[in-house]
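Participant: The structure's right below; bear with me while I get my questions together.
The values are calculated or read from the model by the stated rules, or taken from the named source; none is laboratory data. None of these values were measured; they are calculated from a predicted model. A quick note on method: Cβ atoms are made from the backbone with ideal geometry, for glycine too, and the neighbour counts reach across all protein chains shown. These accessible areas exclude ligands, DNA and RNA; they are computed on the full protein's heavy atoms, side chains included. Shrake-Rupley method; radii C 1.70, N 1.55, O 1.52, S 1.80 Å.
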Amino acid sequence: MLKVTDFTGTMGMPIRKDGSNDAENLNLATRNALLQMIDILQERGYSKEQAYCICSVAVDLRISNVVDVPNFVVSALLPEDIFVK
């Protein structure tokens, strides 16, 4: 039987802080997806360090789009069932 898990997801593109596109840079897209996830976790009350630790052990990274060059997209997915309810 397939179990459906709730998750929180963010997306990152290879966009620098100044708004310029660093075409086809998967490292930057990954970084941006993780920074967005850290921000979401901080909004939930975790410190930046706690959010970083949660991301390091629980976030799944996926390359979501490489067809629309140069706009590569990386998704960061965090399963919600890791948190005690």
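Participant: If you check ASP81, ASP60, which single one turns out to be open to solvent by less than 80 Å² (accessible area, probe 1.4 Å), among the acidic types (Asp, Glu) and over 12 Å from PRO14 (Cα atoms)?
Facilitator: Details: ASP81 fails: open to solvent by less than 80 Å² (accessible area, probe 1.4 Å).
Result of the check over ASP81, ASP60: ASP60.
Participant: Anything in the range 63-78 that is surrounded by 11 or more Cβ atoms within 10 Å (Cβ to Cβ) and modelled with pLDDT under 95? List them, or say none.
Facilitator: Filtering the range 63-78 for residues surrounded by 11 or more Cβ atoms within 10 Å (Cβ to Cβ) gives 63-66, 70-78.
Result: ILE63, SER64, ASN65, VAL66, PRO70, ASN71, PHE72, VAL73.
Participant: Same structure again: Inside the range 12-26, can you point out the residues that are out of contact with any strand residue (DSSP E or B) (no Cβ under 8 Å at 6 or more places or on another chain) and surrounded by 13 or more Cβ atoms within 10 Å (Cβ to Cβ)? Spell out the reasoning first.
Facilitator: Taking the range 12-26 first, the residues out of contact with any strand residue (DSSP E or B) (no Cβ under 8 Å at 6 or more places or on another chain) are 16-20, 23-25.
GLU24, ASN25, listed by residue number.
Participant: Pairs under 8 Å by beta carbon, first residue closer than 11 Å to VAL73 by Cβ and small (Gly, Ala, Ser) in the range 6-22, partner modelled with pLDDT under 95 and open to solvent by 100 Å² or more (accessible area, probe 1.4 Å), six or more apart or different chains?
Facilitator: That search, which allows pairs on different chains as well, returns nothing.
Participant: Does at least one position in the range 27-47 carry a residue that is open to solvent by 30 Å² or more (accessible area, probe 1.4 Å) and aromatic (Phe, Trp, Tyr)?
Facilitator: The answer is yes; a qualifying residue exists.
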